[in-house]
Amino acid sequence: MKSLIISQRILKELGKDKRTLALMFLAPLLVLTLMNLVFNTNATPHVQIGTVQMPATMVKQLETVSHVSQTTYPTVTAANTALKAQRVDSVITYNKTTATYQITYANLDVNKTTLAKSAMQSAMLHDKLQSMAQTITQLTVHHPVAAQPQATLKQTYQYGDSQTRYMDTVLPILMGFFVFFFVFLVSGMAILKERTTGTLERLLATPVRRGHIIFGYTFSYGALAVLQTLTIVLYTVDVLHIQIVGHIGWVILTNMLLALVALSLGILMSTFAASEFQMMQFIPLIVVPQIFFSGIVPLDTINPWIAKIQYILPLTYVASADKKIMMQGLGLTHIWVECLILIGFFLILTGINIQGLKKYRRV
């Protein structure tokens with residue numbers, strides 16, 4: 001009987017807490033909807049192949065392979081430029097003198113590399129069978145011809161090698177995700193504790209300006225975020241042995257900017273949460289979409305209007321910058337746009353946090 005009375009009291013309190021009820025019932029539905037939109041699609045990626053001086057029969061055969069598009073370039077230089085700019089995923093050149101196909105893979109997505117290999121092997125096999133059929137036909141009508149040299153295939157990789165795993169290509173994204181997740185969680189929980197224990201209210205009762213309080217929190221937790229970022233990045237590079245073509249300093253910079261964004265977002269979400277329980281419920285709304293739309297799931301396999309969600313998520317820009325640095329060897333001149341966007345996220349969120357402290361000031 002006493003247990004039922006206690007249960008009734010708790011249910012009445014929960015019934016008054018509309019925010020908790022919404023997070024309990026609506027957040028799972030939102031996450032499930034996102035998962036359905038992301039994963040209930042054609043999982044086969046689309047591969048763009050650039051070709052130079054390819055035989056017409058091979059070009060025609062490549063175009064018949066599903067999920068493969070072919071673009072002809074006049075020179076090897078033009079094709080390689082397109083490869084570096086990620087307009088194509090592979091480049092195939094043909095040396096008529098040696099009957100050799102040279103294929104270079106960007107290898108930024110192992111699934112696309114595998115599909116490009118399969119398409120090329122299928123085209124070569126079809127061409128070989130067609131050549132054999134023509135030879136047999138000519139022999140049967142007593143018109144012997146010189147045997148055609150067998151084509152050979154040489155493969156190179158812009159990033160990694162033939163042993164590159166799928167995990168190697170997503171580690172730059174996962175590295176940024178864990179930086180974001182733990183900074184967001186720790187900062188949000190810590191600020192919430194300061195508010196629920198009355199520390200923040202007592203601080204706001206003093207003549208200290210709201211901006212000083214926010215920047216004080218930012219500096220203190222930002223120092224911890226920097227150490228955490230360094231730990232995660234160095235561990236990924238030195239212990240997990242992820243290959244970095246560019247300079248590791250730029251990787252650290254982009255992830256530090258992400259940590260500052262996560263810190264500001266954690267502070268912001270703590271102002272909406274009434275308890276640690278509610279703070280935890282923000283994770284599906286804030287954190288889970290980051291992992292779906294940052295590049296781990298190929299976005300070219302889902303509807304374009306759904307893919308546009310990525311542009312409002314900070315992890316998208318860190319994933320883009322880190323891939324440019326780690327896989328293509330690019331530097332600040334190629335990632336400055338992503339860095340500016342992350343700084344913009346941080347400044348906007350910080351401004352909102354300063355304004356948000358108004359409702360807690362009593363004097």
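Coordinate-derived values only; no laboratory data. Computed from a prediction, not measured in an experiment: that's the story for all the values here. All Cβ positions, even for glycine, are placed from backbone atoms using ideal geometry, and neighbour counts span all protein chains on display.
Measure out, as a whole number of angstrom, how far apart the alpha-carbon centroids of region 190-267 and region 68-93 sit. If you average the Cα positions of each part, the centres end up 41 Å apart.
The packing ranking, built from the mean of other Cβ atoms within 10 Å per residue, places the peptides 259-266, 328-335 in the order 259-266, 328-335, highest first.
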